1. Quick one: R50 ticks every box in (1) more than 15 Å from the ligand (Cβ to nearest atom); (2) within 23 Å of L121 (Cβ to Cβ) except a single one, so which number is it?
2. Having 3 or more residues that are modelled with pLDDT of 85 or more is the bar; report the helices (runs of 4 or more DSSP H) wholly within segment 165-261 that clear it.
3. Filter segment 53-76 for residues that are within 15 Å of the ligand (Cβ to nearest atom) and hydrophobic (A, V, I, L, M, F, W, C); which is nearest to Y279 (Cα to Cα)?
4. Just to verify a result, which residue in segment 288-304, among those that are part of a helix (DSSP H, G or I) and free of Cβ contacts under 8 Å to residues at least 60 places away in the same chain, is farthest from A97 (Cα to Cα)?
Amino acid sequence: MALELFFISGIGCLLGRLAAGWSASTLADMNSGGLIRCSACQQTVSAQTRWFSARPVRCDCGQSPTVIWHLASAVALSGLFYVYSRCLLDPDIACQALHEVRPDGILLTGRLPFHLVFIFLLWVATVTDLLDYVIPDEVIYPGILIAFVAAFAVGELQMIHVWVNWDEAYVSLYGPYLPEWMKRHQHLHGLAWTVAGSLTGASITWLIRWVSGKILGYPALGGGDVTLMALIGAFMGWQPTLCVLAIAPLTGIFIGAFTKLVNGRSFVAYGPYLTCSAYLVLCTWRWLWADYFTMRDIFGHWPSVLGLIGFSFGCLVVLLFLLRLFRAVPTENLRR
Ligand SMILES: [Zn+2]
């Protein structure tokens, strides 16, 4: 396995470098962290340097600070690829091994490359959002299409099936109940799974955006967060997507402290919270679903699912009202 992991980390390093070039290109002339234009003399950095340079970017005028974050991107994505592959493939960790999901093909050729593409897209969206508070459509929409096509073509990429009923009385005797059509129409199930995830991610995020806009007077999430959650849902399915939304505020505390330390910004867009949360759910799925939090008991029972969503929404509305009551800072200072 060490050889595979070494190989995967190498690919992550290359893709991380390209991710920096891609994200800088989608940002065009806006704040691009020095990879498009020198901040001192406005001279354009060549496309070749932007995409492929393996050295720190330095302008001829000598005034612009050296830019190295495109190299940091290569190292970071390499690390993210390594950790995720290890969690998935190492039999002692097996972060997504579930009793009820047993793909015929091995993970190395099916779910692993699928999720590595996903992590790459998440990384590009994270970089653009951190740099410029933008999540580009040209990253998100092709990504959703890739997820739809792959899920339909392979038919067994899901971390969890679109519906598993653990509420039946005979589960203890016969194991989890799967509807018959899922077993007979594997590819259609793959398509239903990815579309359901995408719709769940987009619609709930849109609803949060709309409600927060009504209560606060400005939306707490950007439009890019809605499409980002559609992408996350398409690659993960609806149950993990709801977990991502639930965990995101917690990761915000850490990311907020980190960026405050690194570049002194106190406000971060919501996108990095969502991408970080999605990565965490990928790496801890077995414990979330079955071993520690046993979310399968909730997600196999419609009234519980609706109750959970209703309860979370109630909490959110109360929180937003409190925020509005105690908001002393003008919104211009919160959002750039
Ligand atoms: Zn310059």
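1. Only one criterion in (1) more than 15 Å from the ligand (Cβ to nearest atom); (2) within 23 Å of L121 (Cβ to Cβ) is unmet by R50, namely (1).
2. 186-216, 223-236
3. Among residues in segment 53-76 that are within 15 Å of the ligand (Cβ to nearest atom) and hydrophobic (A, V, I, L, M, F, W, C), the one nearest to Y279 (Cα to Cα) is V67.
4. So in segment 288-304, the residues part of a helix (DSSP H, G or I) come out as 288-291, 296-299, 302-304.
Restricting the remaining residues to those that are free of Cβ contacts under 8 Å to residues at least 60 places away in the same chain gives 288, 291, 298, 302-304.
Numbers: L288: 12, D291: 11, I298: 19, W302: 24, P303: 27, S304: 24 Å.
So, considering only residues that are part of a helix (DSSP H, G or I) and free of Cβ contacts under 8 Å to residues at least 60 places away in the same chain, the one farthest from A97 (Cα to Cα) is P303.
The values are calculated or read from the model by the stated rules, or taken from the named source; none is laboratory data. Values in this document were obtained by computation on a predicted structure and should not be read as measured data. Heads up, the Cβs are rebuilt from the backbone with ideal geometry, glycines too, and the neighbour counts pull from every protein chain shown.
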